[in-house]
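Participant: To start, I am sharing the structure in question, which I have written as structure tokens.
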Amino acid sequence: MHILYLLVLIPVIFLLSNKIAKYINLYDYPDNKRKIHSKPILILGGIFFQNIILFYFLIFLFFNKNNFFSHIKNSHEDLSILLSAISLSFIVGLYDDKKNLNPLLKLFLMFLIFSISLFFLSDLYHLRRLNSFFDYNFYFDTFSIIFTSFCFVVLLNATNMSDGINSLTSNIFIIWLFFITLFIPEDNFYFFMNIILILSLILFSILNFRNKCFLGDSGCFVLACYLSFLTVYTYNNHLLYSEKNYLNVESIFLLFLVPGIDMLRLFLKRIYIGKNPLKADKNHFHHKLLKNFGNFKAILIYNSMILIPWFIYLFMRSMLPYIIFIVIVIYCIFIAKIKKTV
């Protein structure tokens, strides 16, 4: 019953976050170039999701000692370090929302936050062993912190680049959290936290779709930071305790494939034409979908390319390499066939 009481607090935290964002004048202003909205929109995502994570982490860390969460077992030290990493990511994102940080500096700061956090976190958050679908294993014992931090920065940048049309990125996070939660036991804090975040994301996604608020870099950084550590933690636990090899390098690659391959395409194209690969433009996959199909259909197509392949994989595990190949082919067909964006 106490879990239901905690769920009711999500709208309360949203309203409080809304007041904070307005108080600090955190708005995204149209520029008639990349930003196509017609009026200033409140950048609410970072403050909202930071408050959600902060509140529920602190509730667990405090009340677990009083048997409020007696059935849940997680390391308090690891959760405290993770909370610190998420909070620092929020500060970097918030400053970027207000002042527009240099992209390279922004990624360097995030790499630094990830590396320092991983140094203090337990091995469950390190990518020391990469287990392949093809029964190969690759080990990164010496360079695990550097390699893991690099992977986190790549994922963060890919998700940040997908944040270009209303509700898309929040929907992507819902899908990712849903699938990862399937591999987390119910007596784990992250199972509870993921349910909270999914419900919060649904609320935010509805309002974001209606142009009432934006996720912003701060929101993307908070969620990407949480998701990065969560994914590695879940993957390592799956390696240790599960007899079935559902979470492997290729399946995780499939989960993050669409934003990742779009980031790679944009980087290569910008380098080829002599542009800064980190300089934003409107040639993203979601921009092309938006121009040709409208907002709702663009979200539907993009999300389907993440959701459907992973559902197929769960029921047809042996087809994983073919599923990855088919998704890449579908992506390439869309890029080749749909009209160019300006």
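Bear in mind that the values in this text are calculations on the coordinates, not laboratory data. Not measured: the values here are computed from a predicted model. Ideal geometry is used to build each Cβ from the backbone, glycine not excepted, and the neighbour counts take in all protein chains shown.
Participant: Ranked highest first by average number of other Cβ atoms within 10 Å, how do 170-182, 50-62 line up?
Facilitator: Descending packing order for the listed peptides: 170-182, 50-62.
Participant: Suppose R0 equals 51 Å; then what is the FRET efficiency for Tyr23 and Lys244 from their Cβ-Cβ distance, rounded to the nearest 0.05?
Facilitator: The pair Tyr23/Lys244 has a calculated efficiency of 0.55.
Participant: What is the dipole size for segment 229-342, taken about its Cα centre, with +1 at each Lys and Arg Cβ and -1 at each Asp and Glu Cβ, in debye to the nearest 20?
Facilitator: 760
Participant: Rank Val153, Ile202, Tyr233 by how far each Cα sits towards the positive end of the charge dipole of segment 2-243 (+1 on Lys, Arg Cβ; -1 on Asp, Glu Cβ) and give me just the farthest.
Facilitator: The one lying farthest along the dipole's positive direction is Ile202.
Participant: Give, as ranges by residue number, the residues of segment 153-186 whose backbone N falls under 20 Å from the point 7 Å along Cα→Cβ of Leu199.
Facilitator: The answer is 170-186, whose backbone nitrogens lie closer than 20 Å to the label point.
Participant: In the structure displayed, which of Lys99/Lys291; Lys22/Lys275; Lys19/Lys269 lie more than 31 Å apart, Cα to Cα?
Facilitator: Lys22/Lys275; Lys19/Lys269, as the Cα separations exceed 31 Å there.
Participant: In Å, the Kirkwood hydrodynamic radius of the chain over pairs of distinct alpha carbons?
Facilitator: 20.8
Participant: Something else about it: I need two numbers for segment 177-321: Rg to one decimal and Dmax as a whole number, Cα atoms only, in Å.
Facilitator: When restricted to Cα atoms, segment 177-321 yields Rg and Dmax of 17.2, 52 Å.
Participant: Once every DSSP H run of n ≥ 4 in the chain is given -39500 (n - 2.57) and the sum is divided by its residues, what mean residue ellipticity at 222 nm do you get, rounded to the nearest 500 deg cm²/dmol?
Facilitator: -23500 deg cm²/dmol
Participant: Another question, if that's okay. What are the DSSP H helices in the chain that stretch 24 Å or more along their long axis, judged by alpha-carbon atoms, and whose average Kyte-Doolittle hydropathy comes to at least 1.6?
Facilitator: Within the chain the helices that satisfy the rule are 45-63, 103-120, 144-161, 189-209, 320-337.
Participant: Take the alpha carbon atoms of segment 243-301, find their center, do the same for segment 83-121, and report the distance between the two centers in whole angstrom.
Facilitator: Using only Cα atoms, the two centres lie 22 Å from each other.
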